[in-house]
């Protein structure tokens, strides 16, 4: 299956955003000062709240990395295909609309 450049860039950006968000979330969870994540602030005594949210963050982080990986691989495949065809990878991969066509962009 071939992904368009637009979708490939979206997936790559989503992966980067997901990594940023969930690493920040876990850092904030670890530094919890309200007593939700750890009993009396003791990091050796995590609460259920901590385990549920740590699992959520880890799962979302893994999914974000996988989505970003698919996007990067699609961009590399597009670049390799463009190089093999002798065209610039920066060229728009979308099919241009012909003059007089009723198809909208």
Inset, instruction - Please arrange 7, 70 by counting, for each residue, the other beta carbons lying within 10 Å of its beta carbon, fewest first. - result: 7, 70
Legend entry - Which of 8, 60 has the fewest Cβ neighbours within 10 Å, and the rest in rising order: 60, 8
Inset, instruction - Using a/c under 1.5 as the rounded threshold, could you call the stretch 20-84 rounded, prolate or oblate? The axes a ≥ b ≥ c are square roots of the C-alpha gyration tensor eigenvalues, and prolate needs a/b larger than b/c, oblate otherwise. - result: prolate
Inset, instruction - Arrange 73, 6 by Cβ neighbour counts within 10 Å, fewest through most, would you? - result: 6, 73
Inset, instruction - Calculate the spin-label point distance for residue 16 paired with residue 40, positioning each point 7 Å from the Cα along the beta-carbon direction, and give it in nanometres. - result: 4.6 nm
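Just so you know, all these numbers are worked out from the coordinates, no wet-lab data involved. Remember, it's a predicted structure, so these values are computed and weren't measured experimentally. Backbone-built Cβ (ideal geometry, glycine too); neighbour counts: all protein chains shown.
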